[in-house]
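Down below is the structure, laid out as structure tokens.
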Amino acid sequence: MMNSVLDRPPRGRRTGPITDAGVCRVHIEFGVLSDQGRVRASNEDAFVVDGPNRLFLVADGMGGHAAGEVASRIAASVVHDAIDAAGAAGDAGKTLGSAVRQANARVYETQRARAEYRGMGTTLTALLFDGPRYHVAQVGDSRAYLLREGVLEQLTRDHSLVWPLYENGILSKDEIVRHPHKHLVTRSIGTHPDVEVDLRSADCREGDLYLLCSDGLTDVLGDGEIGRILAGPDASPEDSCRRLVRSANEAGGPDNITAVVVRILTGT
């Protein structure tokens, strides 16, 4: 089992089964892999895999002179600590949203207090399971996907300048990743004193496969390829993470790549 926030994501993976005993019984299995890629000098992604609290998170930092790395680590730690402190009390979706807003406040305070961190920020995509329900919180352009019965669905919308072009049918997903302004985000953690958090909640089912990932993956792999890798026969979450990251590096690895995969083994 895993119960950790990774201050410096390793070139490795972690996996483990967790059973949630309560009103319902949900057994999950998960894996994670974070990689620097083939171009970047450092890894500014951060992640959380906390099985006992059923919390999973990816954050992609931005800002020069290692400030992006600082922003993503702060955000990941604040959300993890808030969820850990809350335990099973209250509405899980509201708790997750509040935790993300706390992360925004902490990163904003840090970047305003220290000149070397001025302007830093991070994306943040988090997944929290609460009995038979899942909750997704989103700020930025890291993504959450759900593979259910062979169909891949993106659970989040990118907070980017080009995403409305896709939503309005002007460009396809493949076209927006080639757009010169694809990396301009319209919402991020820590760049403003307040942030709007997208929240989504729904029931989980046996066999569901969830993916959280930074744009180092989705900029080079389309949804079709991601779906094929996730649907691979007999692939564990750990195997899927490894294959996703390897494929992204084979496609050039222009950015840091982080993938967290969670599978529901026992339905509700």
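Annotations for the structure displayed:
- Rounded to the nearest 0.05, the FRET efficiency derived from the C-beta distance between ILE170 and LYS94 at R0 = 41 Å is 0.70.
- Relative contact order for region 29-79, counting Cα pairs under 8 Å that sit 6 or more residues apart, in percent: 29
- Over the chain, DSSP H runs of length four or greater, each weighted -39,500 (n - 2.57), average out per residue to a 222 nm ellipticity of -8500 deg cm²/dmol.
- Cα Rg, Dmax (largest Cα-Cα span) when computed across region 149-220, Å: 14.3, 41
- Listed residues ILE257, TYR108, TYR166: farthest to the positive end of the dipole of the chain (Cβ charges): TYR108
- Counting every alpha-carbon pair across region 115-268, the share separated by more than 21 Å comes to 47%.
- Annotation: peptides 78-91, 131-144, ranked by per-residue average of other Cβ atoms within 10 Å with the highest first, follow the order 131-144, 78-91.
- Note on region 148-268: with charges restricted to the Cβ of Lys and Arg (+1) and Asp and Glu (-1), its dipole about the Cα centre is near 140 debye.
- Relative contact order %, the chain, counting alpha carbon pairs below 8 Å whose residues are six or more apart: 26
- Relative to one another, the C-alpha centroids of region 36-83 and region 86-162 are positioned 11 Å apart.
- Table column - 3J(HN,Hα) (Hz), region 171-187, Karplus curve with 6.51, -1.76, 1.60, x for Gly and Pro: 10, 7, 4, 5, 6, 5, 6, 9, 5, x, 10, 4, 8, 7, 8, 9, 8
- HIS183/ASP239 FRET efficiency (R0 22 Å; Cβ-Cβ; nearest 0.05): 0.15
- Stokes-Einstein diffusion of the chain at 25 °C, 0.890 mPa s viscosity, Kirkwood radius from Cα pairs, rounded to a whole number: 135 µm²/s.
- Cα-derived Rg to Rh of region 73-119, Kirkwood definition: 1.09
- Each other residue within a Cβ distance under 14 Å of GLY232 adds +1 if Lys or Arg and -1 if Asp or Glu, for a net charge of +1.
- Packing-based order for 67-76, 45-54, using average beta carbon neighbours within 10 Å, highest first: 67-76, 45-54
- Relative contact order (percent, whole number), region 42-201, Cα cutoff 8 Å, 6+ residue spacing: 24
Bear in mind these aren't lab numbers, they're just calculated from the coordinates by the rules spelled out. All of these numbers come straight from a predicted model, not from anything done at the bench. Every residue, glycine among them, receives a Cβ derived from its backbone with ideal geometry; neighbour counts consider all protein chains shown.
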